[in-house]
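First the structure, in the form of structure tokens, and then the observations on it.
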Amino acid sequence: MDYVKSVFEQVKKRNANEPEFHQAVEEVFESLRPVFQKHPEFEHAGLLERIVEPERQILFRVPWTDDRGKVHVNRGFRIQFNSAIGPYKGGLRFHPSVYIGIIKFLGFEQIFKNSLTGLMMGGAKGGSDFDPKGKSDGEIMRFCQAFMGELYRHIGADTDVPAGDIGVGGREVGYMYGQWKKLTTLFNGVLTGKGLDFGGSLVRTEATGYGCVYFTEEMLKDRKTSMEGKTVVISGSGNVAIYAHQKATQLGGKVVAMSDSNGFIYDKNGINLETVKQLKEVERKRIKEYVGKHSGAQYTEGCAKIWTVPCEVALPCATQNELDEESAGVLIKNGCIAVAEGANMPSTPEAVKLFLKNKVSFGPGKAANAGGVATSGLEMAQDSQRLNWSFEETDKKLHSIMVNIHKSAKEAAEEYGTPGNLVNGANIAGFMKVARAMMAQGVV
Ligand code: NDP
């Protein structure tokens, strides 16, 4: 059995019942085979065995009280995966589906994503199986305080800097920061995605969605075209989806479909972003309410069928494994030429293979959605300097980081014999920097 395969078998055995983690590891390992052929010293140094084992895994109890005085207990997680190239960095996810396997898949991906940004950030992820849906503001605050009541011991501006993810936006980051500050008496950049009044960065809210569209523009440039005039479908209606819509529209695209976990809306005139923002960001309602405000728009229950809406550009921005082989086939049949993953691992492995086989330009999440963490890195830099950069300056930096990520992935794909395959390119380019750092730092 070859080295890569034997380590993967070990991963499955040691991390049983964690299919998302296996999926993320397998995808990276498939790309890395030619790297290990070229660099036998990596095998000797046990790089793969080390990189799949988190440096530290923290699991904790989160007890909190609801508005009626009843006590609930959730599970908290923080997985500090790899610190070879910088302090641990990665978001927190609050969603009932969260368990150790989800956090490990996200943390593992984060190592390579952070490396691709070119900034000094290691990989981590965390969260809880807490469900924020239907909770009052007071319940959200008490949960965030309880969560931070344990997490604060394990994080710090130079050790581990969490941020948001599904279910964790500006409100939750604010509550967690307040609790962290109270417990430590410090004021520094221990969390990113903070409010602009207390150390947050302009563009952080928009960054993942904007970055995903900047990445898409680079892929379209390679096909001698652009976003101008393209029909776009975006799944999700959360932070990433909303700002992907905004940037795609600014660049001349027309977004005709969006979704939430209940269903999707279709508006042939182009979805009105202000209505979606009001519904999702302010009123925290369901996407189906959109059709009551825009005649001509349609709502369909269930989200998988969103990919049957004809489009040239598809941006999956909701959650893992939301776009399967069948959906990929329909997208291709309908003339889709570019897919960029705003979410983490939204396409199943079979869907990815089909896109690549059919020469659809495909931007994998760890490259296409790296704009969020990159701007978190910029927030850390501003916090350290006690300075605030302007929107334009920060957006310019984000844009140039996304252009560079695309370039690195494209060049690595070419160097290792699979031109145009940005999955291989992103995995290899992300891995090489971490591998060199691990080799230089010895066996630790
Ligand atoms: P939000 O919580 O703001 O939005 C998530 C969106 O996805 C909502 O519309 C939600 O619908 C939908 N969704 C969540 N779970 C499911 C599900 N199981 N099935 C169908 N739809 C679902 O999260 P974000 O926008 O921040 O994150 C979206 C994706 O982007 C995630 O994969 C995340 O890891 C990734 N990402 C986020 C970054 C960031 O900066 N925020 C950075 C990089 C990646 P509903 O409202 O019904 O729950």
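The values are calculated or read from the model by the stated rules, or taken from the named source; none is laboratory data. This is a predicted model, so every value here is computed, not measured. Every residue, glycine as well, gets a Cβ built from its backbone with ideal geometry; the counts of neighbours run over all protein chains shown. Remember, those area values only see protein heavy atoms, side chains included, never the ligands or the DNA or RNA. Shrake-Rupley method; radii C 1.70, N 1.55, O 1.52, S 1.80 Å.
Points to keep in mind about this one:
- Positive-end extreme of charge dipole, region 54-188 - chosen from ILE79, ALA146, ASN188 (charges on Cβ): ALA146
- Neighbour net charge for GLY174 - beta-carbon separation under 10 angstrom, K R +1, D E -1: 0
- Centre-to-centre separation between the Cα atoms of region 4-33 and those of region 291-334: 30 Å.
- For region 207-368, DSSP calls about 35 percent of its internal beta bridges antiparallel.
- Rounded accessible area of HIS95 (nearest 10 Å², 1.4 Å probe): 60 Å²
- Of SER390, SER376, SER259, the one that fluctuates the most in a GNM where the chain has Cα springs shorter than 10 Å: SER390
- For the chain, the share of DSSP beta bridges that are antiparallel, to the nearest 5, is 55%.
- Accessible surface ranking for TRP180, TRP389, 1.4 angstrom probe, highest first: TRP389, TRP180.
- Percent antiparallel among DSSP beta bridges (both partners in region 54-188, rounded to 5): 65 percent
- Dipole magnitude (debye, nearest 20) for region 207-368, charges at Cβ of Lys, Arg, Asp, Glu: 240 debye
- Residues of type lysines that LYS433 reaches as a straight line, Cα spacing below 17 Å, ignoring anything fewer than 8 places off in the same chain: LYS38, LYS89, LYS113, LYS366, LYS407, LYS410
- Neighbourhood net charge (11 Å Cβ-Cβ; Lys/Arg +1, Asp/Glu -1) for GLY101: -1
- Prolate/oblate/rounded label for the chain (Cα gyration tensor, a/c 1.5): rounded
- Cut-off 9 Å between beta-carbons: net charge of the residues surrounding VAL28, Lys and Arg +1, Asp and Glu -1: -3
- Magnitude of the charge dipole for region 203-280, about its Cα centre and with charges confined to Cβ atoms of Lys, Arg (+1) and Asp, Glu (-1), is about 100 debye.
- Per residue, region 207-368 exposes an accessible area of 39 Å² to a 1.4 Å probe, with every protein chain left in place.
- Solvent-accessible ranking of ARG223, ARG286, ARG386, ARG204, largest area first, probe 1.4 Å: ARG386, ARG223, ARG286, ARG204
- Over 32 Å between alpha carbons, listed pairs LYS359/LYS396; LYS277/LYS305; LYS277/LYS353: LYS277/LYS353
- A 1.4 Å probe run over the protein chains yields, for region 85-127, 17 Å² of accessible area per residue, whole-number rounding.
- Computed helical MRE - 222 nm, the chain, DSSP H runs ≥ 4 contributing -39500 (n - 2.57), nearest 500: -15000 deg cm²/dmol
- Charges were assigned to the Cβ only: +1 to each Lys and Arg, -1 to each Asp and Glu. The resulting dipole of the chain about its Cα centre is roughly 400 debye.
- Whole-percent carbon and sulfur share, accessible surface of the chain, 1.4 Å: 51 percent
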